[in-house]
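The next block holds one structure in the form of structure tokens; read it before the comments.
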Amino acid sequence: MARILIIDDDPQIVKLMTAYLQREEHEVVTAEDGKEGIRQLSVQQFDLVITDIVMPERDGLEVLAWLKSQPQCPKVIAMSGSSARLDQDFILKMAHFSADKVLPKPVDCETLTAAVHELLQDRAAAK
Amino acid sequence: MPVLDEGGNLSGYRGVDSDITEKRLMEQQLFQAQKMEAIGQLAGGIAHDFNNKLMVIHGNAALARMEIDDAARVLDCLQEITVAAEHSRQMTRQLLGFSRKQEIKPVVLDVNSCIAQTVKSLSPLIPDHIRVTFLPGADLLQVKLDPVQLDQIIMNMALNARDAMPEGGLLTIETGTVTLAAKQGNVNSGDHVCISFSDSGTGMDQEILQHIFEPFFTTKQQGKGTGLGLATIHGIVRQNRGSIEVQSTPGQGTVFTTCFPRHAADREDT
């Protein structure tokens, strides 16, 4: 079981991913935008963060930049509904900002839970 | 400059010609470039929203299969799918309404009947903590409108009001007949049928009010609006020689009032 933060401004997406992850018995915390996400990250420890990119207040790139500035950071999955942006430049930018995986929406349950499982295993192995 | 003969009569004109062909061409090219950029932004925004809704639809269908023995859970999944599908329908509608030259087909409408029907279809989209009330005006005059356009107005207004009341509240739709004085623009004077949409939501300040009818302007989170709803309504109202006004106070709510000229059987469209 892991502690996972979901950052997304679409409440239906948040509800769906929470359901996916709770089925895998993970503990889930949610944030509706980048600003709230960063606030949560600064006061709590998480094993993994799943963040949308296009959001109000502060977007996913700002979340990733904030995480990169921290001495320790959780594993990160970046998601985007703007598929056209998932070109090579964008993926490189994500990698630079320490996203461990980049998933284009729509993401199905199997893909998401497999990505979460893989990153949590990597994190455990690194400890 | 006029040229006068010896008798003081106009005999001709003297002037300077400038060839503005190139200037016009550059203006057209600039306009086209701006339009393409706007279309690109619109396409990107719509694709983003559709991807989100596809994820909700696909994902909840999968969840329902996984939890098929839990009826309450399955029902919840189905409700999520319905909301996402309706949102997608609205986006498609707005996109079509914004893209076409609007070949409208006005018919003489019973506005109260139309609104009552549309209000019924709002229920999957409006959460339980928002109470929707329709107050039909008595002896309402007839108007000539495209029913699809009227539907668009009601849906867009209702969804905007919903989004302004995340903690719940009241949405009141009311119709009535008023007599308007002549104003600039497309508005005729005389008897009009007016539809007002009042919410007890967050309200808007003057700075926001100045921009609300601009295409792509939105105060909503991504995925919750394309910024075309009010621009579409504004276009519909002007197309039908109507008017739209808004009154809003931050923290106290908003009232939108749209008015359309009455249809008189003895007066055809002018």
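The values are calculated or read from the model by the stated rules, or taken from the named source; none is laboratory data. If you're wondering where the values come from, they're calculated on a predicted model, not measured in any experiment. Counting neighbours? That spans all protein chains shown, and the Cβs are built from the backbone with ideal geometry, glycine included.
Numbers for the structure displayed
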quantity	calculated
Every pair of residues 6+ apart whose Cβ atoms lie under 9 Å, when the first sits in the stretch A:1-20 and is over 12 Å from B:Asn60 (Cα atoms) and within 7 Å of another protein chain (Cβ to nearest Cβ) while the second is in a helix (DSSP H, G or I) and of a type in the set (Gly, Ala, Ser)	A:Asp9/A:Gly34
3 or more residues farther than 17 Å from B:Cys194 by Cα: qualifying strands (runs of 3 or more DSSP E) within the stretch B:106-160	B:130-135
Failed condition for A:Glu62, given (1) of a type outside the set (A, V, I, L, M, F, W, C); (2) modelled with pLDDT under 80; (3) assigned to a helix (DSSP H, G or I); (4) buried (at least 17 other Cβ atoms within 10 Å of the Cβ)	(2)
Failed condition for B:Ile104, given (1) at pLDDT below 85; (2) within 18 Å of B:Arg262 (Cα to Cα); (3) loosely packed, with under 12 Cβ neighbours inside 10 Å	(3)
Residue identified as within 30 Å of B:Val83 (Cα to Cα), of a type in the set (A, V, I, L, M), part of a helix (DSSP H, G or I) and at pLDDT 80 or above among B:Ala47, B:Ala61, B:Ala38	B:Ala61
Per-region count, the stretch A:98-127, residues farther than 17 Å from A:Phe46 by Cβ and either hydrophobic (A, V, I, L, M, F, W, C) or not in a helix (DSSP H, G or I) (or both)	10
Top-ranked residue in the stretch A:35-50 [being β-branched (Val, Ile, Thr) and away from chain B (no Cβ under 13 Å); ranked as surrounded by the fewest Cβ atoms within 10 Å (Cβ to Cβ)]	A:Val43
Those residues of the stretch B:63-96 which are crowded, with 18+ Cβ neighbours inside 10 Å, without any contact (Cβ under 8 Å) to a residue 24 or more places away in the chain and either more than 8 Å from chain A (Cβ to nearest Cβ) or within 32 Å of the chain's Cα centre (by Cα) (or both), in sequence order	B:Ala64, B:Cys77
Residue ID - modelled with the highest pLDDT, chosen from residues in the stretch A:71-93 that are over 16 Å from the mean Cα position of the chain (by Cα) and more than 14 Å from chain B (Cβ to nearest Cβ)	A:Pro71
Among (1) modelled with pLDDT under 90; (2) surrounded by 17 or more Cβ atoms within 10 Å (Cβ to Cβ), the one test that A:His96 misses	(2)
Given (1) at pLDDT 90 or above; (2) more than 18 Å from the chain's Cα centre (by Cα), number of the condition B:Asp199 does not satisfy	(2)
Selected residue (criterion: nearest to A:Glu62 (Cα to Cα)) from residues of the stretch A:25-34 that are within 12 Å of another protein chain (Cβ to nearest Cβ) and out of contact with any helix residue (DSSP H, G or I) (no Cβ under 6 Å at 6 or more places or on another chain)	A:Asp33
Answer residue from the stretch A:1-31, given it is charged (D, E, K, R) and out of contact with any strand residue (DSSP E or B) (no Cβ under 8 Å at 6 or more places or on another chain) and is surrounded by the fewest Cβ atoms within 10 Å (Cβ to Cβ) among those	A:Glu25
Pair list, Cβ < 6 Å and 6+ apart or interchain, from the stretch A:23-37 residues that are assigned to a helix (DSSP H, G or I) to residues that are of a type in the set (A, V, I, L, M)	A:Gly34/A:Met55; A:Gly34/A:Val63; A:Gly37/A:Ile7; A:Gly37/A:Ala31; A:Gly37/A:Val63
Odd one out for B:Asn60 among (1) out of contact with any Cys (no Cβ under 7 Å at 6 or more places or on another chain); (2) within 12 Å of chain A (Cβ to nearest Cβ)	(1)
